[in-house]
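Engineer: Next up is a structure, given as structure tokens.
Every read-out reported here was derived from the displayed coordinates using simple, explicitly stated rules and does not represent laboratory data. In this text the structure is predicted, and so the values were computed from the model without any measurement. Reconstructed Cβ throughout: ideal geometry from the backbone, glycine too, with neighbour counts over all protein chains shown.
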Amino acid sequence: MEEYDLVVIGSGAGLNVINVGINLGLKCALVEESKMGGTCLTRGCIPSKILVHPADLIREAQHGKKVGLTFKVEDINWDLIAKRMWHQIDESKMMEQGLLEVPNLKVYQGTGEFTGEYEMTVHGKDGSNLGTFKGKRFLIATGARSFIPPIAGIEDAEYVTSETFFGEKFPRKPWKSLIIIGGGVIAAEFAHIFSAFGTEVTIVEMLPRLVATEEPEISKFLENNFKKYMTVLVNHKAIKAKSKGKLKVVTVENTQTGEKRDLKAEEILVATGRKSNADILKVEKTGVETNKAGWIITNEYLETSKENIWCIGDANGLFQFRHKANYETQIVQNNIFGEEKERVDYSSVPWAIFSYPQIGHVGITEAEAIEKGHEIFVAIHNYSSVAKGYAMGFEENDVEDGFVKLVVDKSYKILGAHIVGPYAAILVQPFVYLMNSGFSCNLE
């Protein structure tokens, strides 16, 4: 049986690690069941931003009236927007060609499944056996997949996920109407994109607020702004779906009153969270443990419960963002190939939600700080309270007047920074630097 020095499962951030192994002269294998490049390149943050940017321009043109300018969007060239998106996704083809030519690297293009201790079999899409092998070291970087809630009839009605949207179900033109089930990051970005392109969007969120990882004030601010462009139904659960002619019908139930109603749209997008791929890998057969939600358990060194098997990225269920996975590759490279182990630190992992308005986040929320026992100060500052904000057309008590919220402990160390409004993704970055440096404000 073939044996490799290093096996990497997943071609997203995992490529960073396999490059090190190859450069060290190790015999390596890469297992990838989809397009090369992983979620971010092929069905996530990169192609979605190519759609977000023109949507942003449409909303900014509308906002121009606040400062005395009127713009008119003459046409939305969906074919050009799509062409630019696919051009970026198709970089995966060049990556694949390059990887197939790398010495000391065997590429298995199929679905890997552990069949024993440090032993894996890879199956093709047709179920064929593409090879069985052993590995001295394994890195699991398999990402995650869309979680589909138990909604009666949803499979028969058919639906779109973020994976199929950037694949076989990409629309030839923006849908006339769209029901989005879910109210998290993916749902918020798709809602912004399609509402800006003229689609009649309805969001169905079971929880009391959108983007529940954010501060309650930010969730409410987003909801209030979204309601200018779409229908937002929080505290509503999708319980049934069916096709009716050219439309699809989703029955939703108010979780507080029990009242039911039917929603109709051309398409349904399910964006209710992510699910672990550990069940597909059958990690239990090689001794890797998962938590109750199915995510692979890792320690502070990114080690799994099985010696010489590590896990990074979305697969461990922690902060599912590509930049966090890239950071983990730096740690795990050292821990696989180096002499001294290095610990991972998630205390200042930033993220952004590219909705309209944008959201930027780093550190913990006010509620999390209190739960952790911190004595805290909280400060909120609106865009309208500074000259630049006013110049951009924001005024006090305006529904669009975004803000920055800081959570600071009693030693004036920043615990969290939360921003909603224009350029939030950029504005949060200085706080990331301050938090990483351990900065505390000296008032003396």
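Engineer: Which loop-located chymotrypsin sites (Phe, Trp or Tyr not before Pro) does segment 201-242 contain, where loop means any DSSP state but H, G, I, E or B and the Cβ has at most 10 other Cβ atoms within 10 Å?
Structural biologist: Sites meeting the loop and neighbour criteria: none at all.
Engineer: Further question on the same structure: Treat each spin label as a single point 7 Å out from the Cα along the C-beta direction, and report the residue 293 to residue 53 distance in nm.
Structural biologist: Distance between label points: 3.2 nm.
Engineer: In addition: If you keep only loop residues by DSSP, which GluC sites (Glu not before Pro) in segment 193-264 have at most 11 other Cβ atoms within 10 Å of their Cβ?
Structural biologist: Here the GluC sites (Glu not before Pro) that fit, given the DSSP loop and packing criteria, are 259.
Engineer: Tell me which trypsin sites (Lys or Arg not before Pro) from segment 253-311 have a DSSP coil assignment and no more than 10 other beta carbons within 10 Å of their own.
Structural biologist: Within segment 253-311, the qualifying trypsin sites (Lys or Arg not before Pro) (loop, at most 10 other Cβ atoms within 10 Å) are 292.
Engineer: Extending each Cα 7 Å along its Cβ direction at residue 347 and residue 372, get the distance between those two points in nm, one decimal.
Structural biologist: Reported label-point gap for residue 347 and residue 372 is 0.8 nm.
Engineer: Which helices, taking whole DSSP H runs in the chain, have alpha carbons extending 18 angstrom or more along the helix axis plus mean Kyte-Doolittle at least -1.0?
Structural biologist: Helices meeting the span and hydropathy rule in the chain are 45-63.
Engineer: While we're on this one: I'd like the Karplus ³J(HN,Hα) series for segment 228-237: coefficients 6.51, -1.76, 1.60, θ = phi - 60°, whole numbers in Hz, and an x wherever there's a Gly or Pro.
Structural biologist: Result, rounded to whole Hz: 6, 10, 7, 9, 10, 10, 7, 6, 10, 10.
Engineer: Taking the Cα centre as origin and putting +1 on Lys and Arg beta-carbons and -1 on Asp and Glu beta-carbons, what dipole magnitude results for segment 86-227, to the nearest 20 debye?
Structural biologist: 200 debye
Engineer: Can you tell me which of 231-237, 55-61, 25-31 comes out highest on packing, and rank the rest after it, using the mean Cβ neighbours within 10 Å?
Structural biologist: 25-31, 231-237, 55-61
Engineer: While we're looking at this one, here's another question. Ranked by Cβ crowding within 10 angstrom, fewest neighbours first, how are 91, 307 ordered?
Structural biologist: Fewest-to-most Cβ neighbours within 10 Å comes out as 307, 91.
Engineer: Counting Lys +1, Arg +1, Asp -1, Glu -1, what net charge surrounds residue 364 among other residues with beta carbon under 11 Å of its beta carbon?
Structural biologist: -4
Engineer: So which of 66/220; 27/306; 260/292 end up more than 24 Å apart by C-alpha?
Structural biologist: 260/292
Engineer: Local charge sum around residue 409 (other residues, Cβ-Cβ under 11 Å, Lys/Arg +1, Asp/Glu -1)?
Structural biologist: With Lys, Arg at +1 and Asp, Glu at -1, the net is +2.
Engineer: Ranked highest first by average number of other Cβ atoms within 10 Å, how do 338-349, 420-431 line up?
Structural biologist: Those peptides, ordered most packed to least, come out 420-431, 338-349.
Engineer: As I understand it, the dipole of the chain uses +1 on the Cβ of Lys and Arg and -1 on the Cβ of Asp and Glu, about the Cα centre. Which of 116, 385, 354 lies farthest toward its positive end?
Structural biologist: 354
Engineer: How much mean residue ellipticity at 222 nm does the chain get from its helices, if each DSSP H run of length 4 or more adds -39500 (n - 2.57) and you divide by all residues, to the nearest 500 deg cm²/dmol?
Structural biologist: Estimated from H runs of four or more residues: -8000 deg cm²/dmol.
Engineer: If I stretch the segment between residue 323 and residue 259 completely, what's the gain in nm (0.36 nm per residue apart, minus their alpha carbon distance), one decimal?
Structural biologist: Answer, rounded to one decimal: 18.8 nm.
Engineer: Give the aspartates and glutamates reachable from residue 93 as a straight Cα distance under 19 Å; neighbours fewer than 8 places away on the same chain don't count.
Structural biologist: Cα-Cα hits under 19 Å: 32, 33, 101, 163, 168.
Engineer: How many nm is it between the label spots at residue 242 and residue 398, if each spot is 7 Å from the Cα in line with the beta carbon?
Structural biologist: Each label point lies 7 Å from its Cα, and together they span 4.7 nm.
Engineer: Quick one: of 324/372; 83/275; 237/264, which pairs are farther than 26 Å apart, Cα to Cα?
Structural biologist: 83/275
Engineer: Summing Lys, Arg as +1 and Asp, Glu as -1, what charge do residues with Cβ under 10 Å from the Cβ of residue 158 carry, residue 158 excluded?
Structural biologist: Spelling it out: positives minus negatives among the neighbours equals -1.
Engineer: May I ask what percent, to the nearest 5, of DSSP beta bridges between residues of the chain are antiparallel?
Structural biologist: 60 percent
Engineer: Let me spell out the model: positive unit charges on the Cβ of Lys and Arg, negative unit charges on the Cβ of Asp and Glu, origin at the Cα centre of the chain. What dipole size does that give, in debye rounded to 20?
Structural biologist: Charge dipole of the chain: 1180 debye, to the nearest 20.
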